[in-house]
Amino acid sequence: MTITSIPVPTAAPTQDIAELGLRESATFDRATIADIQRAAATGVYDIRGWGAKRKVPHFDDLLFLGASMSRYPLEGYREKCDTDVVLGDRHASRPLHLQTPVTIAGMSFGALSANAKEALGRGASEVGTSTTTGDGGMTPEERGQSKHLVYQYLPSRYGMNPDDLRKADAIEIVLGQGAKPGGGGMLLGQKITERVAGMRTLPVGIDQRSASRHPDWTGPDDLEIKIGELREITDWKTPIYVKIGASRPYYDTALAVKSGADVVVLDGMQGGTAATQQVFIENVGIPTLAAIPQAVQALQELGMHRKVQLIVSGGIRTGADVAKAMALGADAVAIGTAALIALGDNDPRYAAEYADLGSAAGFYDDFQDGRDPAGITTQDPELASRLDPVAAGKRLANYLRVLTMEAQTIARACGKSHLHNLEPEDLVALTIEASAMARVPLAGTSWIPGVQGSF
Amino acid sequence: MVTLTAPETLGAVTAPDDDAAAPTVVDLADAPVRGLNQDLHHAVDGQSWTVANPGGKHSLAVGINADVTVTIDGHAGYYAAGMHQKGTVKVNGNAGVGLAENIMSGTVHVTGDASQSAAATGHGGLVVIDGNAGARCGISMKGVDIVVGGNIGHMSAFMAQAGRLVVCGDAGDALGDSIYEARIYVKGTVASLGADCIEKPLRDEHLAELAELLAAAGRTDNPADFSRYGSARNLYHFHVDNSTAY
């Protein structure tokens, strides 16, 4: 959020507030007070980007059990630990074969600048993984720079056309997003430039609200027929993903599989957004950690685990997160927020400009305003030109390599010759909450709350 | 539930006929839909097909990208002529959900009724329904022209962005809810208008475009008998004064 209505002190207080004996309310902390003041001043709910910022049980609450006596580790730099993944071989004659299981999540041209989309394509292609379009159609920049491009099929169908559909390497039918399960997209007028408006068939400068339901199907029986149509149009060549926002992943995953999906994409509540009501981001959906075991259970019960691949997103930051998601049963992961940070989002070099916008490096989430100093979440030509797509693509490729190597490091320590061989048995939890959600034992015990009644 | 057929179990059923004068006949009582669609995807301009015994099957004649003529003799299921790009598809019968969804150009003509979401998200071209259309006709339309001989159901032209919707009968509830720049012409009654949709004056340029659309659909209705509806453009921006409309 941006603090626009509150007087900003001219000089920072020099004394530690706690030393004065002042006590901050846990219930009404400073951010909450600022939210109330902002609402009172404007009369409109706060809209922002990024995902849930509240603290929820996460991959940080899990640890790996490295090999020792009862398990053999692999030699760290000599024995092979493969990372490739095949996505969509259930029905499609041309499945994707990626070199790393870390993919780039769907983000629209419109939400992001053309340079940012190009940079994502360059970075992903350099390491042999896929990138994904968003709620604004496919741009030539993106198609041209992306070796593997996933084309999103959204309720709005902005820019949807059969030529781009046939150019896609995979089709992702979007039912929801972790930041806002049950909500449609938003793009505020500042970012609806002539090009963005043209691609979406909208008047320039309006506050665009995307539909939250698909216009021509309702429920899993219809979805099965819709998937059949898309397969017919693409001659059964193109893998079809179904993306769900994590709320009831057990049922949604089962229904996606029954509807004929090749791949299920599961986005937890920490997954990012370009513009959504803050109340929605923070209060709807469940954490990624809680969602994965439910989805995996559905796949296993249907006998489809590893046949219908599971891509998990929402709060993936490190190779440890990648390895933990895969140990819990994911076939691949997707990154959005982390990819933008790798491109240059929230870079301290723009500290002064973030301050001018009422934010700070590390806190900036006003992606809806289109005034991003880093030139990523903007349509302003001058700001967008700050992002060099070649250099930013290189940074993303570096980051993707680090994620992959970190995950390999952990997998080798657990004695696994492929990231896919990681399993829940390799994990323990640090907290009772994480143990219950991830369905792995509390560290040092054999207890999984909700699965076993006692220690 | 439909049964998805694995790709390897199917082969091409009929070779397209090089002689444009004689339509290729595909009998769907014996042949799978996939063979028909694959042949249509390899078609060249000027060819024609007749589909017998469609039996309400789904995804008939989808993704056509050549100037061909396809006549479906019977009822079609969901998504008939989906993502149509060129040529003409005629259904001599009724059509299911999502007729000509996301049509780009060309013509799709249904002689009977169409179910809900007809011509949903269509970007261009002409969709003619001689009978009635169900709910959500023209939902999120983006430039397509739709002419319905009979009535249309509720929530039609919901979030309609561009194009023209012509209704020669009556319209159901919440017509044009959250409409953008599409234009709606209704000859009969409108049960109710949706949020931000209002009646607008029927000026000469509207009479002229309506006459063209009716003629293109082969109809003889008098344009002067219609009323025009469109966006009040009051909900284009988030504003505190609109909070009860959100």
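The values are calculated or read from the model by the stated rules, or taken from the named source; none is laboratory data. Because the structure is a prediction, the values reported are computed rather than measured. All Cβ positions, glycine included, derive from the backbone under ideal geometry; neighbour counts span all protein chains shown.
For the reader, a short list of remarks on this structure follows.
- Count of residues meeting criterion [without any contact (Cβ under 8 Å) to a residue 60 or more places away in the chain, within 21 Å of the chain's Cα centre (by Cα) and in a loop (DSSP other than H, G, I, E, B)] in region A:245-260: 1
- Residue match in region B:13-29 (condition: at pLDDT 95 or above and closer than 30 Å to A:GLY88 by Cα): yes
- Among the residues of region B:115-141, those that are within 12 Å of chain A (Cβ to nearest Cβ) and within 18 Å of B:GLY77 (Cβ to Cβ) comprise B:SER115, B:GLN116, B:SER117, B:ALA118, B:ALA119, B:ALA120, B:GLY134, B:ALA135, B:ARG136, B:CYS137.
- Near pairs, Cβ below 8 angstrom, 6+ apart or cross-chain, from region A:394-409 (acidic (Asp, Glu)) to any residue that is part of a helix (DSSP H, G or I): A:GLU406/A:GLY319; A:GLU406/A:ALA320; A:GLU406/A:VAL322; A:GLU406/A:ALA323
- Any helices (runs of 4 or more DSSP H) falling wholly within region A:301-375 and containing at least 1 residues that are at pLDDT below 95 and surrounded by 24 or more Cβ atoms within 10 Å (Cβ to Cβ): none
- Of everything listed in (1) more than 25 Å from A:ASP169 (Cα to Cα); (2) buried (at least 24 other Cβ atoms within 10 Å of the Cβ), the single unmet condition for A:GLN277 is (2).
- Helices (runs of 4 or more DSSP H) (entirely within region A:153-244) containing at least 1 residues that are in contact with a His (Cβ under 9 Å, 6 or more places away or on another chain), more than 30 Å from B:HIS237 (Cβ to Cβ) and within 13 Å of chain B (Cβ to nearest Cβ): A:162-167, A:219-233
- Residues that are within 19 Å of A:GLN297 (Cβ to Cβ) and touching a residue at least 60 places away in the same chain (Cβ under 8 Å), drawn from region A:436-455: A:MET437, A:ALA438, A:ARG439, A:VAL440
- Residue match in region A:146-167 (condition: over 19 Å from the mean Cα position of the chain (by Cα), surrounded by fewer than 24 Cβ atoms within 10 Å (Cβ to Cβ), touching a residue at least 60 places away in the same chain (Cβ under 8 Å) and farther than 24 Å from B:LYS86 by Cα): no
- Taking the conditions (1) outside any helix (DSSP H, G or I); (2) more than 24 Å from the chain's Cα centre (by Cα); (3) of a type outside the set (Lys, Arg) in turn, A:GLU382 satisfies each one other than (1).
- Just one residue in the set A:PRO249, A:PRO239, A:PRO220 is in contact with a Leu (Cβ under 8 Å, 6 or more places away or on another chain) and within 30 Å of A:PRO57 (Cα to Cα); that residue is A:PRO249.
- Where A:LYS191 falls short, out of the listed (1) basic (Lys, Arg); (2) surrounded by 20 or more Cβ atoms within 10 Å (Cβ to Cβ); (3) modelled with pLDDT of 95 or more: (3)
- Sole residue being assigned to a helix (DSSP H, G or I) and of a type outside the set (A, V, I, L, M, F, W, C), chosen from A:THR32, A:THR27: A:THR32
- A count restricted to region B:65-95 and to residues that are facing chain A (nearest Cβ under 9 Å) and either in contact with an Asp or Glu (Cβ under 6 Å, 6 or more places away or on another chain) or closer than 21 Å to B:GLY138 by Cβ (or both) stands at 7.
- Taken together, the criteria exclude A:VAL56 from residues that are over 29 Å from A:TYR151 (Cα atoms), over 23 Å from the mean Cα position of the chain (by Cα) and either surrounded by 14 or more Cβ atoms within 10 Å (Cβ to Cβ) or among the polar types (S, T, N, Q) (or both).
- Segments classed as strands (runs of 3 or more DSSP E), wholly inside region B:135-233, with at least 3 members that are under 19 Å from the mean Cα position of the chain (by Cα) and modelled with pLDDT of 95 or more: B:142-148, B:162-167, B:183-186
- Subset of region B:97-114 that is more than 16 Å from B:SER156 (Cα to Cα) and buried (at least 24 other Cβ atoms within 10 Å of the Cβ) - its residue that is nearest to the other protein chains (Cβ to nearest Cβ): B:ILE103
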